[in-house]
Amino acid sequence: MVYKTKGVILKKQDYKEADGLYVFYTKDFGKVSLVARGAKKIASKLAGHLDYFQEVNLTFATGKAFDQISGAVVNKNFNSLKLDYDRINLGFEFLGLLDQAVREHDRDEKIYEFIINVFNYLDTQKDLNFNFTRKAFMKKLGILIGAGDKLKEFLEK
């Protein structure tokens, strides 16, 4: 079967010689692991569309071991976020926490909207208070996943 949705990359890693394994949080399917065949090749049509801190219109198909990405087009790119080293680090910290906190195929549209809102905030906020933003993010994520203000304890289990 072929599926279409919007998603953001939580994590990516090399897979086999020229492929990439991507963990997305999608609007319609939650957290999913997908393979992009040939994504590491220079001439790959997917390579420029599979990057952190952007919302992607994603098409994927059912595969044997992993579902496979058949198409990806950037819907929204958070360029300003990518220009500031501290914002990038905070963004990666958020993505790592999200990846830890959410299980495969857990779907919650509020979490998806939250991710987009966080990216938007990191992209547009002029004077960013990093400690406040980190605490606010962790509190909101804890509430969304049902851990309340005990996110750290939840992740350590």
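The values are calculated or read from the model by the stated rules, or taken from the named source; none is laboratory data. Computed from a predicted model, the values in this text were never measured in an experiment. Please note: Cβ atoms are built from the backbone with ideal geometry, for glycine as well, and neighbour counts cover all protein chains shown.
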When you look at Gly71, is it surrounded by 14 or more Cβ atoms within 10 Å (Cβ to Cβ), part of a strand (DSSP E or B) and out of contact with any Lys or Arg (no Cβ under 7 Å at 6 or more places or on another chain), yes or no? yes
Considering only segment 16-40, state which residues are free of Cβ contacts under 8 Å to residues at least 40 places away in the same chain and either among the small types (Gly, Ala, Ser) or out of contact with any Phe, Trp or Tyr (no Cβ under 6 Å at 6 or more places or on another chain) (or both). Lys16, Glu17, Ala18, Asp19, Gly20, Phe24, Ala36, Arg37, Gly38, Ala39, Lys40
Segment 41-70, residues that are more than 13 Å from Asp19 (Cα to Cα), under 15 Å from the mean Cα position of the chain (by Cα) and touching a residue at least 40 places away in the same chain (Cβ under 8 Å): Asp51, Tyr52, Phe53, Gln54, Glu55, Val56, Asn57, Leu58
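Table: residues versus (1) more than 19 Å from Gly96 (Cα to Cα); (2) assigned to a strand (DSSP E or B); (3) assigned by TED's automatic domain parsing to the domain that holds Arg107.
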{"residue": "Ile9", "(1), (2), (3)": "no, yes, no"}
{"residue": "Leu21", "(1), (2), (3)": "no, yes, no"}
{"residue": "Tyr25", "(1), (2), (3)": "no, yes, no"}
{"residue": "Val32", "(1), (2), (3)": "no, yes, no"}
{"residue": "Lys40", "(1), (2), (3)": "yes, no, no"}
{"residue": "Tyr52", "(1), (2), (3)": "no, no, no"}
{"residue": "Val56", "(1), (2), (3)": "no, yes, no"}
Which members of segment 20-33 meet the condition of being among the aliphatic types (A, V, I, L, M) and more than 12 Å from the chain's Cα centre (by Cα)? Leu21
